[in-house]
Amino acid sequence: MRKRILVICMYDSIHSARWLSQFQDQDIEFLLFPSSPHRKVHKNLKALVAGNSKASYKLFPLSKFFGLPLWIADKFVDNWFRSTLVKSAIRSFKPQFVHAMELQNAGYIAAKALPSKSSAKLIATNWGSDIFWFQQFPKHRDKLKHLLSVADYYSCECNRDVALAKSLGFQGQVMPVIPNAGGFSKELLSKPVPLLTDRKVIAIKGYHGWVGRAKIALEAVEAIATELKAYLLVVYSANRGTITLAKQIAKRTGLDITIFGKGKLTHNQVLELFANAKIYVGLSLSDGISTSLLESMAMGAIPVQTATACCDEWFTESGVKVTEITVEGVQKAILAGLKLAENQTHSDRNREIIRTKADADDVAKIAQGFYNL
């Protein structure tokens, strides 16, 4: 019998599309329900819906239009509107699994929608900061405990988050720990990339806000501007405040800084950036696996990444784990990263780690087992 999976996910996320794309050759019927206030459906998700694969992908009726208004309305009624629609979808679609891809929207909606006795099993997938960050807030902690008490399966990207889920009362089955967005193709991982000695770029993730801390990275860069005169600094995924600060620092220091706003680079362009980067700098108060971290390692750059991104599960000597998110702490980390970049074996080691732990075919095989329970 053909499997039916109701997936509650972010319509505008490349990560949703990349997860779902792993099942195109499977005999599965997907019904997708929006969890976030999207303004558009991601082009890769549109391609899956319009495609002609063995798996079928359908959007819940009219859902590409109501994501934002219902998200706003549900702020006042504790997800009543969307959970009611999910209940309707469960009754009519009769899925074997309801997969909540992210917890603070999708997970809470699913927990409210599923009846106490349901033939549909709930898979709750932790994305990024879902437990690590939100557990510190009493209201979210209570909701997380409820969600984990009704979830049959739990998946995440970090072993750290398995332990956190269990500490919050999860007693179901833990799924294999794999990257939520899938892996990297053998073609990409076998593609030659420049040697570290030929690279002159320092790539900096430019988001500052909520948990992102790009401004601290830029302030650290300014503090060691003299040591960085020979490099081209590329700030990508930058928001308005970061763009302004980067321009000011370039003017004050004379550093060569190129800035790309959020969404201005394609995925391939980001990979090309990392292939030419000596080091990559990513700072965040909270994360799961940073996708940028994995991408930088896949392209042979030396990562300088905050410890909140479970980076100790991905590298030891071949990258720098930032434990002190201060200007002084980050400038030391950047210089340590550049020191590591003097040794090509660190670059080679990072690529080999990704080949071993994040090969797309291997990850897809594991992911396809999620719906064969």
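When segment 293-308 is examined, which residues are found to be modelled with pLDDT of 95 or more and not aliphatic (A, V, I, L, M)?
Within segment 293-308, 295, 296, 300, 303, 305, 306 qualify.
Considering only segment 46-91, how many residues are in contact with a Pro (Cβ under 9 Å, 6 or more places away or on another chain), over 22 Å from residue 115 (Cβ atoms) and open to solvent by 50 Å² or more (accessible area, probe 1.4 Å)?
The qualifying residues number 5.
I'm trying to understand the selection: among the residues of segment 63-120, which are in contact (Cβ under 8 Å) with a residue 40 or more places away in the chain and basic (Lys, Arg)?
Matches in segment 63-120: 64, 82, 94.
Scan 348, 362 and give me the residue that is among the acidic types (Asp, Glu) and either touching a residue at least 60 places away in the same chain (Cβ under 8 Å) or more than 17 Å from residue 190 (Cβ to Cβ) (or both).
Answer to the check: 362.
Taking residue 339 as the residue in question, decide whether it is among the basic types (Lys, Arg), within 17 Å of residue 202 (Cα to Cα) and not in a helix (DSSP H, G or I).
no
Looking only at residues in segment 82-119 that are under 17 Å from residue 61 (Cα atoms) and hydroxyl-bearing (Ser, Thr, Tyr), which one is nearest to the chain's Cα centre (by Cα)?
83
Of the conditions (1) in contact (Cβ under 8 Å) with a residue 60 or more places away in the chain; (2) touching a strand residue (DSSP E or B) at 6+ places or on another chain (Cβ under 9 Å); (3) closer than 20 Å to residue 218 by Cα, residue 327 fails just one. Which one is it?
Answer for residue 327: the failing condition is (2).
For segment 121-159, give me each residue that is over 22 Å from residue 87 (Cβ atoms), touching a residue at least 24 places away in the same chain (Cβ under 8 Å) and of a type in the set (S, T, N, Q).
126, 129, 135, 155, 159
Only residues that are touching a helix residue (DSSP H, G or I) at 6+ places or on another chain (Cβ under 8 Å) and either closer than 22 Å to residue 363 by Cβ or of a type in the set (Phe, Trp, Tyr) (or both): list them for segment 264-291, please.
Correct list: 267, 270, 271, 274, 280, 282, 287, 288, 289, 290, 291.
Restricting segment 165-207 to residues that are modelled with pLDDT under 95 and touching a Lys or Arg at 6+ places or on another chain (Cβ under 6 Å), which is surrounded by the fewest Cβ atoms within 10 Å (Cβ to Cβ)?
182
Considering each residue of segment 294-324, count those that are without any contact (Cβ under 8 Å) to a residue 24 or more places away in the chain and either among the acidic types (Asp, Glu) or within 21 Å of residue 134 (Cβ to Cβ) (or both), and give that number.
4
Give segment 306-320 a look and list any residue that's out of contact with any Cys (no Cβ under 8 Å at 6 or more places or on another chain) and either assigned to a loop (DSSP other than H, G, I, E, B) or open to solvent by 30 Å² or more (accessible area, probe 1.4 Å) (or both), or say none.
307, 312, 314, 315, 316, 317, 318
For segment 231-254, how many residues are open to solvent by less than 30 Å² (accessible area, probe 1.4 Å), outside any helix (DSSP H, G or I) and of a type in the set (A, V, I, L, M, F, W, C)?
Matching residues across segment 231-254 total 4.
Being assigned to a strand (DSSP E or B) and in contact (Cβ under 8 Å) with a residue 60 or more places away in the chain narrows it down to one of 204, 216, so name that one.
On inspection, the qualifying residue turns out to be 204.
So, in segment 12-35, how many residues would count as being assigned to a loop (DSSP other than H, G, I, E, B) and surrounded by fewer than 24 Cβ atoms within 10 Å (Cβ to Cβ)?
Of the residues in segment 12-35, 8 are assigned to a loop (DSSP other than H, G, I, E, B) and surrounded by fewer than 24 Cβ atoms within 10 Å (Cβ to Cβ).
Any residue at all in segment 59-66 that is of a type in the set (Lys, Arg), assigned to a helix (DSSP H, G or I) and under 24 Å from residue 147 (Cβ atoms)?
no
Can you confirm whether residue 181 is under 24 Å from residue 286 (Cα atoms), touching a His at 6+ places or on another chain (Cβ under 9 Å) and part of a loop (DSSP other than H, G, I, E, B)?
Judged against the criteria, residue 181 is a match.
From the list 345, 356, pick out the single residue that is surrounded by fewer than 16 Cβ atoms within 10 Å (Cβ to Cβ), over 26 Å from residue 125 (Cα atoms) and of a type outside the set (Asp, Glu).
It is 345.
The values are calculated or read from the model by the stated rules, or taken from the named source; none is laboratory data. Just so it is clear, the structure is predicted and the values come from calculations on it, not from any experiment. Positions of Cβ are generated from backbone atoms using ideal geometry, with glycine treated the same way; all protein chains shown enter the neighbour counts. Accessible surface is based on the protein model in full, side chains and every heavy atom, while ligands, DNA and RNA are left aside. Shrake-Rupley method; radii C 1.70, N 1.55, O 1.52, S 1.80 Å.
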